[in-house]
Amino acid sequence: MSRHQCVKNSHVLLILALFAVLVRPATAGIIVPASYTATTGQGWAEGGTWNYFDDTGVQLTDGIYGVDNWTANLGYGNAQEWVGWITVNPTLTFAFNSPVTVNKVSIDFARAEPGAGIYLPTQVTIGGVAFALSGAELADQTRGTLEFVGSWTGNSLSVEITTRGRNWVFVDEVQFSAVPEPAHWAGASGLGLVVFCLHRRWRMQRNRPQQGSR
Ligand SMILES: [Ca+2]
Ligand SMILES: [Ca+2]
């Protein structure tokens, strides 16, 4: 590549790289499922204080979270934000509008062991890939998001949750992240070439014979 071509290409790529960075939306990488099906939440019938149903049919993907005190009434009733199971190992199957590649599944759980008997699961199986949990990933009496990293491609993705013995498992949100967008990598490689060309330009200037010295 000639010096002229290098400088010219570096200018074009610098503009493309900056554009790629600027046009990336704040939510890039997050994939919202079109719909999902889930094992029906449980409650009174299984000895719960309240019913821990999916009250709206979209509670697991609505962006609304419970708080550390799982019993809290945030305006819609005690523990309304949670979906809970105790006598079944629930399966959640998420559907996407088109084939996607998911590389991270984030599941928000509650842990409240004494009295309430809400434990983290022993295992989460995502698209056939099993993740074992110790049960101590979250501090007791808190809620928090656990991240499961892998690579799953398709129109749908299943999440199977195995309860810890005969104890409740509580989930309020499931989120999916995609691999970085191609524009991101194009931008990164463009910036790399810009750096290469600028370094080459600096080296050529440094090696140029000096004039006027006596
Ligand atoms: Ca939610
Ligand atoms: Ca609920």
key: In nm, spacing of pseudo-spin labels at S151 and N78 (7 Å Cα→C-beta vector)   = 4.8 nm
ask   = When Lys and Arg each count +1 and Asp and Glu each count -1, what net charge do the other residues less than 15 Å away from F148, Cβ to Cβ, add up to?
value = -4
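Read-outs throughout are calculated quantities, based only on the coordinates presented, and are distinct from any laboratory measurement. All values derive from a computational prediction rather than experimental measurement. When we count neighbours, we look across all protein chains shown, and the Cβ atoms used for this are built from the backbone with ideal geometry, even at glycine.
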